[in-house]
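Structure, as structure tokens:
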Amino acid sequence: MLYAILCYDSEDVVWAWTKEEEAAAMARLGTVQEKLAAQGRLGPVARLLPTTSAMTLRKGREQLVIDGPFAETKEQLLGFYIVDCTDLEQALETARELAAASGTAGAFEIRPLAIFRPGGQVKGMEGG
């Protein structure tokens, strides 16, 4: 089963890191990523740019495009991992490893993931 592990943290903290702090955090996370890759469990990993570079399209009777963050929250979605896990418990253990490596307070949201392919089968959902 594929799981998305969504990484939330304070942009003010993360984007204020020195080059040395950034390199140390990426090295710690890289260790976990290398382990997952060696196990054949690591899918795409992405780090999002700051919410100040984001645009939001609000749905409704009339669509509205706004600049910047889509929500006013203390923590923002900074990136994600896609990992192949046998079950939720293994996904939680993977998130625990990433959390320990990240070195910040933040949060990691774990969600089962379904892959949709045009004209094809849905993968990752019950019966899919």
So with the 1.4 Å probe, I'd like the accessible area per residue for the stretch 11-125, rounded to whole Å². 69 Å²
Residue by residue through the stretch 2-8, what is 3J(HN,Hα) from phi via Karplus (6.51 cos²θ - 1.76 cosθ + 1.60, θ = phi - 60°)? Round to whole Hz and write x for glycine and proline. 8, 10, 9, 10, 8, 9, 10
Distance in Å, no decimals, from the C-alpha centre of the stretch 1-26 to the one of the stretch 86-105 is 14 Å
Taking amide H positions as placed 1.01 Å from N in the peptide plane, with prolines and chain starts having none, which residues 5 or more places from G43, or on another chain, fall under 5 Å of its amide H? I82, V83, D84
Which FRET efficiency, nearest 0.05, do R58 and A38 yield, Cβ-Cβ r, R0 35 Å? 0.25
Name the residues whose placed amide hydrogens come within less than 5 Å of the amide hydrogen of G106, ignoring near sequence neighbours (fewer than 5 apart) on the same chain. S10
Over the chain, relative contact order from alpha-carbon pairs under 8 Å, at least 6 apart, %: 43 percent
Can you run phi through the Karplus equation (6.51, -1.76, 1.60; θ = phi - 60°) for the stretch 58-63 and list ³J(HN,Hα) in whole Hz, with x for Gly and Pro? 8, 8, x, 4, 10, 6
List, in order, the whole-Hz ³J(HN,Hα) value for each residue of the stretch 33-41 obtained from phi through the Karplus relation with A = 6.51, B = -1.76, C = 1.60 and θ = phi - 60°; use x for Gly and Pro. 4, 4, 4, 5, 5, 5, 7, x, 10
Determine, for each peptide in 80-89, 46-55, the mean count of other beta carbons within 10 angstrom over its residues, then list the peptides with the highest first. 80-89, 46-55
Give me the tail of P(r) for the chain as a percent: Cα-Cα pairs with distance above 20 Å. 53 percent
At 0.36 nm per residue, and after removing the present C-alpha to C-alpha distance, how many nm does the segment from W17 to L92 gain when stretched out fully? 24.3 nm
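The values are calculated or read from the model by the stated rules, or taken from the named source; none is laboratory data. Because the structure is a prediction, the values reported are computed rather than measured. Glycine gets a Cβ as well: all are built from the backbone with ideal geometry, and neighbour counts include every protein chain shown. Accessible surface areas use protein heavy atoms only, side chains included; no ligands, DNA or RNA. Shrake-Rupley method; radii C 1.70, N 1.55, O 1.52, S 1.80 Å.
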